Amino acid sequence: MAYTTREYLQKVIVTFDDLLDLQYAQLQAKNRFEDELTDNELETRLSSVIGILSIAFYWDTARSVRYAIASLLGSLTLNEKEMVVSTITNGYIGLGEAIEFMRNSNYDRIEIELPFREYRDFHTLEFEIRFIMGEGRVTRVHTGSGWIVL
């Protein structure tokens, strides 16, 4: 693999709609890694959720995410590609848990600690992209009365 990885947790504040968009973005990335989308289709679909791209992938434009994914895809073996797909799938499922948590609540926002796996070029250590890799932990919830620490 021409990339090195690092795993870490990061707290983000999101709304219910943000969570839906994050999950959609993860699904589109997965679809690209499974060759169900072209680079152009990926960019078009991610353009509809531009507000959350920097949370999900670090990059803030659909074009930047497209190029980062294409770069990573071009350097992976089949086994490595399957590992990335597994990472993205676990993140997709984990976001579903947070969506269900918010769906049945009166919270307008939550602070959630999300697990990320980032990929860097092995030789230059330049950052390429990151993906949510699992279920997050809700640390605070927001209501009309303010924040509640969990």
TODO: With springs connecting C-alpha atoms under 10 Å apart, model the chain as a Gaussian network and identify which of Ala25, Ala70, Ala98 has the largest mean-square fluctuation.
DONE: Ala70
TODO: Under 12 Å from the Cβ of Ile88, count the other residues' Cβ atoms, weight Lys and Arg +1, Asp and Glu -1, and hand me the total.
DONE: +3
- [ ] Kindly state, as a whole number, the per residue volume in cubic angstrom of the convex hull around the alpha carbon atoms of the range 1-42.
- [x] 105
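Find the accessible area per residue for the chain; the probe is 1.4 Å, ligands and nucleic acids are left out, and the unit is Å². Show your work: numbers first, answer last.
Details: 7630 Å² over 150 residues.
Using a 1.4 Å probe on heavy atoms only, each residue of the chain averages 51 Å².
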- [ ] Send over the semi-axes of the range 36-144's equivalent ellipsoid, whole angstrom and largest first, taken as the square roots of 5 times the C-alpha gyration tensor eigenvalues.
- [x] 28, 16, 13
TODO: Scan the chain and note any complete DSSP helix (H) whose C-alpha atoms cover at least 27 Å along its axis and whose Kyte-Doolittle average is -1.0 or more.
DONE: 78-103
Task: P(r) tail fraction, the range 1-79 - alpha-carbon pairs more than 15 Å apart, % - done: 57
Open item on the list: Rg and Dmax in Å for the range 88-127, alpha carbons only: what are they?
Closed with: 15.1, 48
Task: Most mobile of Val65, Val12, Val84 in a GNM of the chain (Cα contacts under 10 Å) - done: Val12
- [ ] May I ask you to rank Arg140, Arg66, Arg6 by accessible area, largest first, using a 1.4 Å probe over the protein chains only?
- [x] Arg6, Arg140, Arg66
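Would you calculate a helix-derived [θ] at 222 nm for the chain, using -39,500 (n - 2.57) for each DSSP H run of n ≥ 4 and dividing by the full residue count, to the nearest 500?
Helix contribution divided over all residues of the chain: -15000 deg cm²/dmol.
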- [ ] Please compute the net charge surrounding Ser64, taking Lys and Arg as +1 and Asp and Glu as -1 over other residues with Cβ under 11 Å from its Cβ.
- [x] -1
- [ ] Return the single residue from Leu53, Leu27, Leu76 with maximal mean-square fluctuation; model: Gaussian network over the chain, springs between Cα atoms under 10 Å.
- [x] Leu76
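The values are calculated or read from the model by the stated rules, or taken from the named source; none is laboratory data. Keep in mind the model is a prediction, meaning the values are calculated, not measured. With ideal geometry, Cβ positions are generated from the backbone for all residues, glycine too; neighbour counts draw on all protein chains shown. Surface accessibility is based on the protein's heavy atoms, side chains included, excluding ligands, DNA and RNA. Shrake-Rupley method; radii C 1.70, N 1.55, O 1.52, S 1.80 Å.
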